[in-house]
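Student: If you scroll down you'll find the structure; I have some questions about it.
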Amino acid sequence: MKEKIAFRDAQKECIDGQALRKYQLERLKETVGHALRTPFYQHRLNKVGIRSSDDIRSLKDLERIPFTTKDDLRESYPRGLLATDMKKVVRVHTSSGTTGIPTVIYHTQEDLDNWTELVVRSIVACGVTSDDVFQNMMTYGMFTGGLGLHYGAERLGALVIPSGSGNTKRQLQLMKDFRTTVVHATPSYMFHFSSKIGELGFTVEELNLKKAFLGAEPYSENTRKKIEEFFKIDVYNSYGLSEMNGPGVAFECIYKTGMHLWEDAYILEMIDPETKKNLGDDTQGELVLTTLCRQATPLLRYRTRDLTTVVKGNCPCGRTHRRISRIAGRTDDMLIISGVNVFPSQIEQVIMKIPEVGNNYQIYLAKEGALDKLTVKVELYSKLFSGDLQDLERLKRKIQDELRASIVITPMVELHEPGSLPEFELKAKRVVDERIKI
Ligand code: ADP
Ligand code: ZN
């Protein structure tokens, strides 16, 4: 690539309108040139009459390119859609495999440098500086949440504690001893963490925590609020996927008005997942991304399967890259319950608003005869369990009513003791679907 992405101060690198489109076109041409080196894209692109990067004359030409799907990547496991000489490849990452065989992404040194700079830009946007102490509580290894954030925070000059996930007691000790100011974790782990602090003999007050980047799985605005209030910190939403590097694709700034998607590194499109038609900025749709600065594994029109909306208006921070809203779910997350489409995130949104509800829940589906039966199991804060039985019944009904109002189905509601439902150190698996057992 001719020029490296650069930008300590994300404010400055936000190019606007015309300039951005010109830049994107240059990068797209180059990316198509790279992609044509893979047999996969050569075949796909030739079929639609694209034989060289010169066949891309405007950004409109992007629409001629067929979508790339997760299955396309899976079929090429483990060699991947490699567009460069293997000698130039310095690292390989895979996805978590939440929904099947993991996908493989190769990186050259330049790819890693660009990714790192995108992470620097992201964390600068939420006010992190070289004075911060950053504890990365994400799993290290193939999962991109570990090394991705690690290199970015290091390059910014923060003190990095590569604690990895799990071992809550040790995390707390490190946090206290090194005066950690920023953490990176999944929202489910952060919840788990909050429930263990007292039990392990620590208090929030003796920590020096100021911010958390939470991501890797969907969570609601109410979950953010609960975590912010418990720890007295600011929580910033962080979005990424291994196919697009990992974290650092879209990140909230200090204003928390949606996640700025770095449009000089990715082309953002929004499609209707059914008809695959391009949608305007106003409708919720599936996010489709094209890499603009990747050599080893360029991806064209990659269907993320994540559902989101482009946020309207300008952000007070002045950054001009468009923002995407909190991810509503994955297209393949959607549950069909008695014929009604329900996303787990809708359920979370309702229950996390109820103050008596604790940190964990599970969505349990079974068959009762021919009918689908939905049970929502929720943990409560401990003090409630010593309360009046009638109060518990009332609470159950309240949860049931609020869920019915939102998802149109009347679920069974079970109340559970804190700590009794399964807990997760990385991505939570909250849906248990027993309906499909043969
Ligand atoms: P896998 O697809 O196997 O889970 P990844 O580890 O690459 O592999 O995870 C990327 C996915 O995680 C995204 O496509 C998205 O569904 C989810 N994700 C990442 N960040 C967020 C976030 N901030 N909010 C909601 N979902 C997220
Ligand atoms: Zn902003």
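The values are calculated or read from the model by the stated rules, or taken from the named source; none is laboratory data. It should be emphasised that the depicted structure is a prediction, and the values quoted were computed from it without experimental measurement. Here Cβ is always computed from backbone atoms with ideal geometry, including for glycine, and neighbour counts include all displayed protein chains.
Student: Does region 337-374 hold any residues that are closer than 19 Å to LEU392 by Cβ and among the charged types (D, E, K, R), and which are they?
Tutor: LYS353, GLU356 - these are the residues of region 337-374 that are closer than 19 Å to LEU392 by Cβ and among the charged types (D, E, K, R).
Student: Is it the case that some residue within region 201-216 is buried (at least 16 other Cβ atoms within 10 Å of the Cβ) and in contact with a Gly (Cβ under 6 Å, 6 or more places away or on another chain)?
Tutor: yes
Student: Among the residues that make up region 80-88, is at least one of them closer than 24 Å to THR275 by Cα, polar (S, T, N, Q) and part of a loop (DSSP other than H, G, I, E, B)?
Tutor: Looking for residues that are closer than 24 Å to THR275 by Cα, polar (S, T, N, Q) and part of a loop (DSSP other than H, G, I, E, B), one finds none in region 80-88, hence no.
Student: Restricting attention to region 86-94, does a residue exist that is in contact with a Cys (Cβ under 7 Å, 6 or more places away or on another chain) and crowded, with 21+ Cβ neighbours inside 10 Å?
Tutor: No, region 86-94 contains no residue that is in contact with a Cys (Cβ under 7 Å, 6 or more places away or on another chain) and crowded, with 21+ Cβ neighbours inside 10 Å.
Student: Is it the case that region 343-351 has a residue that's touching a Pro at 6+ places or on another chain (Cβ under 9 Å), in a loop (DSSP other than H, G, I, E, B) and more than 16 Å from ligand 2 (Cβ to nearest atom)?
Tutor: yes
Student: Still on this structure, I have one more. Looking at region 259-272, which of the residues that are assigned to a strand (DSSP E or B) and in contact with an Asp or Glu (Cβ under 9 Å, 6 or more places away or on another chain) is farthest from ligand 2 (Cβ to nearest atom)?
Tutor: Among those that are assigned to a strand (DSSP E or B) and in contact with an Asp or Glu (Cβ under 9 Å, 6 or more places away or on another chain), it is ILE271.
Student: In addition: Check THR283, THR304, THR331 and return the single one that is surrounded by fewer than 19 Cβ atoms within 10 Å (Cβ to Cβ) and closer than 30 Å to PRO39 by Cα.
Tutor: Residue meeting the stated conditions: THR331.
Student: Also: Tally up the residues in region 121-152 that are within 16 Å of ligand 2 (Cβ to nearest atom) and either crowded, with 19+ Cβ neighbours inside 10 Å or part of a helix (DSSP H, G or I) (or both), please.
Tutor: Counting residues in region 121-152 that are within 16 Å of ligand 2 (Cβ to nearest atom) and either crowded, with 19+ Cβ neighbours inside 10 Å or part of a helix (DSSP H, G or I) (or both) gives 7.
Student: OK, next. Collect the residues in region 241-269 that are under 19 Å from ARG27 (Cβ atoms) and either within 15 Å of ligand 1 (Cβ to nearest atom) or hydroxyl-bearing (Ser, Thr, Tyr) (or both), keeping them in residue-number order.
Tutor: Matches in region 241-269: GLU243, MET244, ASN245, GLY248, VAL249, ALA250, HIS260, LEU261, TRP262, TYR266, LEU268.
Student: Further question: Just checking, which of LEU112, LEU118 is within 16 Å of ligand 2 (Cβ to nearest atom), at pLDDT 95 or above, not in a loop (DSSP other than H, G, I, E, B) and not β-branched (Val, Ile, Thr)?
Tutor: Step by step, each of LEU112, LEU118 is checked, and only LEU118 is within 16 Å of ligand 2 (Cβ to nearest atom), at pLDDT 95 or above, not in a loop (DSSP other than H, G, I, E, B) and not β-branched (Val, Ile, Thr).
Student: Quick one: GLY201 ticks every box in (1) on the phi > 0 side of the Ramachandran plot; (2) outside any loop (DSSP other than H, G, I, E, B) except a single one, so which number is it?
Tutor: Evaluating GLY201 over (1) on the phi > 0 side of the Ramachandran plot; (2) outside any loop (DSSP other than H, G, I, E, B) leaves (2) as the failure.
Student: Another question about this same structure. So which of GLY280, GLY285 ends up being of a type outside the set (D, E, K, R), more than 16 Å from ligand 2 (Cβ to nearest atom) and free of Cβ contacts under 8 Å to residues at least 24 places away in the same chain?
Tutor: So the residue among GLY280, GLY285 that is of a type outside the set (D, E, K, R), more than 16 Å from ligand 2 (Cβ to nearest atom) and free of Cβ contacts under 8 Å to residues at least 24 places away in the same chain is GLY280.
Student: Mind listing whichever residues of region 307-331 are among the small types (Gly, Ala, Ser) and within 16 Å of ligand 1 (Cβ to nearest atom)?
Tutor: The answer is SER325, ALA328, GLY329.
Student: Of all residues in region 243-258, how many are of a type outside the set (Gly, Ala, Ser) and either near ligand 2 (Cβ under 9 Å from one of its atoms) or at positive phi (or both)?
Tutor: Total satisfying the criteria: 7.
Student: Further question: Out of (1) surrounded by 15 or more Cβ atoms within 10 Å (Cβ to Cβ); (2) within 24 Å of TRP262 (Cβ to Cβ), what's the single condition that is false for PHE40?
Tutor: Of (1) surrounded by 15 or more Cβ atoms within 10 Å (Cβ to Cβ); (2) within 24 Å of TRP262 (Cβ to Cβ), only one is false for PHE40: (2).
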